[in-house]
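Asker: Before I ask anything, let me first share the structure, which is written out below as structure tokens.
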Ligand SMILES: N[C@@H](CCC(=O)N[C@@H](CS)C(=O)NCC(=O)O)C(=O)O
């Protein structure tokens, strides 16, 4: 890693004259993990700029030009700048994966189901629940205390995650018969929930443990720690 916090990862075709065409900004959070994990699944050569939230690094003039939301992750691929973890992993898979591997092909029913799972995970398991806990627990000095909202978030998470558990009772993956970006997103969320003290039911725990064994997960997780 160099002094700017840039980690270079080996592989194939993204470096031109020493300049990386593909860069992922952000590290240390479950949401930045999404982007790094997908890059590793695809074996991409990219530059990782592991800036962290609330360090000031997401609010510099230069970074705000990339993402006026002042948030990570952000992907830069040539002249494309993209924020939002779900959009980033979908773009990476659409652009760099063999068709039909880590993302179902356009127009298929499985692609529609993939979209459904990503929306569900982002809204029901992240924004409405775990992130409410984050804001009013860990970050209560910024967002205020809200015990009633936390209780509702815990109940909401348990209710919604049970839908994923039920779905996985008879299958190994969320969509189709192999690993896709939907599993990547769900696993990251389950890891976050575990860090928050949620006890996953046995189906979900077993499912998560399986994904944690993926070499790309392990490598991305190590990188995303930012150490
Ligand atoms: N909807 C976005 C949320 C991104 C987000 O909230 N990122 C947080 C870190 S988890 C952030 O960058 N916060 C910056 C800051 O508060 O300084 C996504 O899923 O990618």
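The values are calculated or read from the model by the stated rules, or taken from the named source; none is laboratory data. Note that the coordinates shown come from a computational prediction; the quantities given were computed from them, not determined experimentally. Here the Cβ positions follow ideal geometry from the backbone for every residue, glycine too, while neighbour counts run over all protein chains shown.
Asker: Check whether at least one residue in segment 99-106 is at pLDDT 95 or above and in contact with a strand residue (DSSP E or B) (Cβ under 7 Å, 6 or more places away or on another chain), and report yes or no.
Answerer: No, because not a single residue in segment 99-106 is at pLDDT 95 or above and in contact with a strand residue (DSSP E or B) (Cβ under 7 Å, 6 or more places away or on another chain).
Asker: Checking residue 176 against (1) outside any helix (DSSP H, G or I); (2) free of Cβ contacts under 8 Å to residues at least 12 places away in the same chain, only one condition comes out false. Which one?
Answerer: With respect to (1) outside any helix (DSSP H, G or I); (2) free of Cβ contacts under 8 Å to residues at least 12 places away in the same chain, residue 176 is out only on (2).
Asker: Restricting attention to segment 144-161, does a residue exist that is closer than 24 Å to residue 101 by Cβ, surrounded by 14 or more Cβ atoms within 10 Å (Cβ to Cβ) and touching a residue at least 12 places away in the same chain (Cβ under 8 Å)?
Answerer: Filtering segment 144-161 for residues closer than 24 Å to residue 101 by Cβ gives none.
Checking segment 144-161: not a single residue is closer than 24 Å to residue 101 by Cβ, surrounded by 14 or more Cβ atoms within 10 Å (Cβ to Cβ) and touching a residue at least 12 places away in the same chain (Cβ under 8 Å).
Asker: From the list 142, 168, exactly one residue is more than 19 Å from the chain's Cα centre (by Cα), farther than 30 Å from residue 105 by Cβ and not assigned by TED's automatic domain parsing to the domain that holds residue 31. Which is it?
Answerer: On the way: 168 fails: farther than 30 Å from residue 105 by Cβ.
Matching residue, one of 142, 168: 142.
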